[in-house]
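The values are calculated or read from the model by the stated rules, or taken from the named source; none is laboratory data. A quick note: this is a predicted structure, and the numbers were derived from the prediction, not measured. Here Cβ is always computed from backbone atoms with ideal geometry, including for glycine, and neighbour counts include all displayed protein chains. For the accessible areas, the whole protein counts, side chains as well, though only heavy atoms, and no ligand, DNA or RNA atoms are used. Shrake-Rupley method; radii C 1.70, N 1.55, O 1.52, S 1.80 Å.
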Amino acid sequence: MKVENAKAQMRKGVLEYCILLILSKGDAYASDIIKQLKEARMIVVEGTLYPLLTRLKNAQLLSYRWEESTQGPPRKYYALSDDGRAFLGEMDASWQALVSAVELIHQTNKEAES
């Protein structure tokens, strides 16, 4: 198994959570979301974002609105819905539990090696 494939699968597994975290700070245009994900090295292919946004919208975790742009066509801005905020709260708890579990296993293995 190649390490890069494993890393990509790990990123893919938390990408939706990261999108919700970004939107928890305020409404965002898709290119702004992509920029933040790229800066965090969480997304490589821009085409990955749009299906995720659609899935989150269809699950009623996101809403969107159109805004006129001075530089071209109207832009679609995404926002967390009330259900999205509640879901994010559950994801936060799950993430913390997962991180704690991995850290415990990691620490246990380091102690066993000593």
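Applying the criterion of being in contact with a strand residue (DSSP E or B) (Cβ under 8 Å, 6 or more places away or on another chain) and either basic (Lys, Arg) or over 20 Å from Arg85 (Cβ atoms) (or both) to the residues of the stretch 47-72, the residue that is surrounded by the most Cβ atoms within 10 Å (Cβ to Cβ) is Lys57. Has the stretch 82-94 got at least one residue that is part of a loop (DSSP other than H, G, I, E, B), in contact (Cβ under 8 Å) with a residue 12 or more places away in the chain and farther than 17 Å from Val14 by Cβ? No, the conditions are met nowhere in the stretch 82-94. Gln36 falls short on exactly one of the conditions (1) surrounded by 12 or more Cβ atoms within 10 Å (Cβ to Cβ); (2) assigned to a loop (DSSP other than H, G, I, E, B), and that condition is (2). The single condition among (1) in a strand (DSSP E or B); (2) exposed (fewer than 13 other Cβ atoms within 10 Å of the Cβ); (3) at pLDDT below 95 that Arg41 does not satisfy is (1).
Annotation note: of Ser100, Ser63, the sole residue that is small (Gly, Ala, Ser) and part of a helix (DSSP H, G or I) is Ser100. Looking only at the stretch 2-25, residues that are open to solvent by 30 Å² or more (accessible area, probe 1.4 Å) and closer than 14 Å to Ser81 by Cα come to 3 in all.
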